[in-house]
Amino acid sequence: MGRYRHQVYETAKTPRFCVLFNLQWKVIESVKLAPAADLPAAMGAAIDRQTREGWQTESGHEFGFVFLRRGGERRLLILTERDPCDARPQSFSPFQ
């Protein structure tokens, strides 16, 4: 079975969001990025900011997300096109 790599860092025509969540999906921090923003640089800057606060990355961010840890706490930093303040359902339901 082949693997497909999502092109999360391609130049976007719509806004993107760099969002920091706790593991219960509560938004800790969110930054709206303009269309055509330098997405890898924005993600790198967010990681650098967290590193300065004592957080360590658990992996690379080549897929547009990274888990961070400090002590016994973990967080998720993710690059997404979905506004984290948008409360609409994320999936389609034919029953609604």
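Summed over qualifying helices (DSSP H, 4 residues or more, each -39500 (n - 2.57)) and divided by its residue number, the chain shows a 222 nm mean residue ellipticity of -4500 deg cm²/dmol. Taking the longest Cα principal axis of the chain as reference, the axis of helix 39-52 is set at about 40 degrees.
Mind ranking 9-15, 71-77 by how tightly packed they are, going by the mean number of other C-beta atoms within 10 angstrom, highest first?
Working: 9-15: 11.4, 71-77: 13.1.
The peptides rank, most packed first, as 71-77, 9-15.
So what is the relative contact order of the range 16-80, in percent, for Cα pairs below 8 Å that sit 6 or more residues apart?
Numbers: 96 pairs, mean separation 24.0, N = 65.
About 37 percent, as a whole number.
Highest first, please rank the peptides 60-69, 29-38 by the mean number of other Cβ atoms sitting within 10 Å of their residues.
On the way: 60-69: 15.5, 29-38: 13.5.
The densest-packed peptide leads the list: 60-69, 29-38.
Only the coordinates and a few stated rules stand behind these numbers; no lab work does. Small disclaimer: the values here were computed from a predicted structure and weren't measured. Using ideal geometry, Cβ is built from the backbone for each residue, glycine included, and neighbour counts are taken over all protein chains shown.
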